[in-house]
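Beneath this line is the structure, given in structure tokens, with notes to follow.
The values are calculated or read from the model by the stated rules, or taken from the named source; none is laboratory data. Worth saying up front: this structure is predicted, and the values here are computed from it rather than measured. No Cβ is skipped: glycine too gets one built from the backbone with ideal geometry, and neighbour counts run over all protein chains shown. Surface accessibility is based on the protein's heavy atoms, side chains included, excluding ligands, DNA and RNA. Shrake-Rupley method; radii C 1.70, N 1.55, O 1.52, S 1.80 Å.
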Amino acid sequence: MHIEQLTYENYRNYAKTDLTFDHNVNVIIGENAQGKTNLLEAIYVLAMTKSHRTAKDKELIRWEEPFAKIQGQIKKRTGPLHLEVVFSSQGKKVKLNRLEQERISQYIGALNIVMFAPEDLRLVKGSPKERRRFIDMEMGQISPIYLYHLSQYHKILKQRNRLLKDAYSKSFDDAMLDVLTAQLIPEAAQVIRKRYDFLNKLQVWANDIHEQISRGLEHLKIEYVPSAEVSNSMNLSTLEEKLQEQFNSVIDQEKRRATTLVGPHRDDLRFIVNDKNVQTYGSQGQQRTVALSLKLAEIELIHEQVKEYPILLLDDVLSELDDHRQSHLLSTIQGKVQTFVTTTSVDGIDHKTLNEAELFRVENGEVVKKK
Amino acid sequence: MQYPEPISKLIEGFMRLPGIGPKTAARLAFYVLDMKEEDVFDFGKALVNAKRELTHCSICQHITDTDPCRICEDQTRDRSVICVVQDSKDVIAMEKMQEFRGQYHVLHGAISPVDGIGPEDIHIPDLIKRLQDETVQELIVATNPNIEGEATAMYISRLVKPTGIKVSRIAHGLPVGGDLEYADEVTLSKAIEGRQEL
């Protein structure tokens, strides 16, 4: 898929910006703090209806303006598609081909993106929360059903945690806790099962790419680390049984700690390179290669699932990669993946992909096409 | 701009209603000014009367101007089935269907720990009391198909099942007369889950 036109209004510090893209690779150059990332963020928001940098939608609206609006004209395999996201004090609205969508889950997935930013280099080393966020974001784009189960899961989880806070009050009702546990388990099983399925597929691509980048020296394995005693081979009903057993055994502990201790919200990922856990034993270079392999695998996986390449957003990562990884990345996107790259300079990078790219310069929030 | 006080009071009054913002409230208020005095008077009386004369039925908790309500009083209705709903509006919706001839029980809410609403805060204890005499043989739980509604349904079912009374849940899936292609993925997957043999 291709973004042909991007317009934003009252977004961040911009009154109005209107950009057309007719090249595959678009390089956005500018000094620090000029608004390069804002441009990538706008594309990200258009796809995901939220920012990767802030949880507060309000920050996206220009100071003292009533709303922020981002629109994109997309060319897909199936035809043209117009996307629109509006943020205002009443919340957000999303439109596909100018028709308002009632559910965000019906909108997400219309535009597929893969973002690679400096913080993704921490995917391996960072907290479990970052790895869960990675898997949820990527799966949400290709599976609206996953997004649905995940949001149901979190809603029930919130109710259950609230109830557990009163576990020692007089009015506490054990039957109510049982009901919420029974409600939580099928959603938890769905989320876990779908994560396993996704990782099984991602694993194949990621290992392939990882072997290429490491010139065949390293093999990558992705492991799901569940908080409950479940495994990849279990079907939904076995997962549910196992979760029920687990909940039965931790119930007293849950009451004491006033929170839910088992379930996908406490699961994690582990990356194994040549039989060693990269998180503990890997070098920084290895950790970066894993992050890069995962992102490139995502591109291929989305292509496999939706039969089209996603848009790739590279935020300031070129300079973070060594020449070899850089050139691997650039060769992968060459001619097939529409890419937006931000960087402070393109000096010293001599690659066909970049030489054919269109350059944009950002200065004080103004974006200008460079000849 | 400053409105004269009687108008601004009227506008404030309208703004307390759901779905009405300042602009709509102002439009309604100015419309009231142009209405005939007797119409305004009737309207005001209707508002006050609705509030004063309607209570909750002491049996089913449905809004009513007689106690017990007309549905509970109706001797031709089936007393062995009770349909449990969240809201009085749901009773009206079910009655429009003209197919259900049993009794109702209105909970006036759903269980939601986050909002501080437990089983005692909605009319579940009253429901359990109603089941004690032996006429009731089936409960149809028609709470909303969202998380709170489902939790409420499950809670009621756990409480009532041991008494031997049949508890059923209304089905969810595709709307009748709709096209399959317009259904969202989640509704479709629910419809597949609840499929029935032909």
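Among the residues of the stretch B:111-148, those that are assigned to a helix (DSSP H, G or I), more than 9 Å from every other protein chain (Cβ to nearest Cβ) and within 17 Å of the chain's Cα centre (by Cα) comprise B:ASP121, B:ILE124, B:ASP126, B:LEU127. Listed conditions (1) assigned to a strand (DSSP E or B); (2) open to solvent by less than 40 Å² (accessible area, probe 1.4 Å); (3) of a type in the set (Val, Ile, Thr) are all met by A:VAL368, apart from (2).
To keep it simple, each residue is scored yes or no on (1) at pLDDT below 90; (2) in contact with a strand residue (DSSP E or B) (Cβ under 7 Å, 6 or more places away or on another chain); (3) open to solvent by 10 Å² or more (accessible area, probe 1.4 Å).
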position	(1), (2), (3)
A:VAL290	no, yes, no
A:ALA297	no, no, no
A:GLU308	no, yes, yes
A:GLU320	yes, no, yes
A:GLN334	yes, no, yes
A:PHE340	no, yes, no
A:VAL346	yes, yes, yes
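Of all the listed residues (A:SER233, A:SER227, A:SER293), the sole one being touching a helix residue (DSSP H, G or I) at 6+ places or on another chain (Cβ under 6 Å), hydroxyl-bearing (Ser, Thr, Tyr) and assigned to a loop (DSSP other than H, G, I, E, B) is A:SER227. For the stretch A:63-76, taking the residues that are charged (D, E, K, R) and modelled with pLDDT under 90, the one that is least open to solvent (accessible area, probe 1.4 Å) is identified as A:GLU65.
Out of everything in the stretch B:7-59 that is of a type in the set (Val, Ile, Thr) and within 28 Å of B:ARG70 (Cα to Cα), what residue ends up being surrounded by the fewest Cβ atoms within 10 Å (Cβ to Cβ)?
The first filter runs over the stretch B:7-59 and keeps only residues of a type in the set (Val, Ile, Thr), leaving B:7, B:11, B:20, B:24, B:32, B:40, B:48, B:55, B:59.
Now restrict to residues that are within 28 Å of B:ARG70 (Cα to Cα): B:48, B:55, B:59.
Details: B:VAL48: 9, B:THR55: 13, B:ILE59: 19.
Ranking the candidates gives B:VAL48 first.
Looking at the stretch A:348-365, which of the residues that are without any contact (Cβ under 8 Å) to a residue 24 or more places away in the chain and in a loop (DSSP other than H, G, I, E, B) is least open to solvent (accessible area, probe 1.4 Å)? Spell out the reasoning first.
Applying the first criterion (without any contact (Cβ under 8 Å) to a residue 24 or more places away in the chain) to the stretch A:348-365 yields A:348, A:350, A:352, A:355.
Next, from what is left, pick out any that are in a loop (DSSP other than H, G, I, E, B): A:348, A:350.
Values: A:GLY348: 84, A:ASP350: 132 Å².
Result: A:GLY348.
Against the conditions (1) assigned to a loop (DSSP other than H, G, I, E, B); (2) under 21 Å from B:THR135 (Cα atoms); (3) not β-branched (Val, Ile, Thr), B:CYS83 satisfies every one except (1). Mind checking which residues of the stretch B:163-198 are part of a helix (DSSP H, G or I) and either within 11 Å of chain A (Cβ to nearest Cβ) or over 26 Å from B:SER80 (Cα atoms) (or both)? If the condition is that a residue be part of a helix (DSSP H, G or I) and either within 11 Å of chain A (Cβ to nearest Cβ) or over 26 Å from B:SER80 (Cα atoms) (or both), then B:LEU180, B:GLU181, B:TYR182, B:GLU185, B:VAL186, B:THR187, B:LEU188, B:SER189, B:LYS190, B:ALA191, B:ILE192, B:GLU193 are the ones that fit. Counting just the residues of the stretch A:177-200 that are at the interface with chain B (Cβ under 8 Å from one of its Cβ atoms) and out of contact with any Lys or Arg (no Cβ under 6 Å at 6 or more places or on another chain), which one comes out surrounded by the most Cβ atoms within 10 Å (Cβ to Cβ)? Out of the qualifying residues, it is A:VAL179.
If B:PRO145 satisfies every condition in (1) open to solvent by 40 Å² or more (accessible area, probe 1.4 Å); (2) without any contact (Cβ under 8 Å) to a residue 24 or more places away in the chain; (3) farther than 19 Å from B:CYS60 by Cα but one, which is the exception? Against the list (1) open to solvent by 40 Å² or more (accessible area, probe 1.4 Å); (2) without any contact (Cβ under 8 Å) to a residue 24 or more places away in the chain; (3) farther than 19 Å from B:CYS60 by Cα, B:PRO145 comes up short only on (2). Quick one: in the stretch A:160-176, of everything that is within 10 Å of chain B (Cβ to nearest Cβ) and free of Cβ contacts under 8 Å to residues at least 24 places away in the same chain, which residue is farthest from the chain's Cα centre (by Cα)? Filtering first and then ranking leaves A:SER171.
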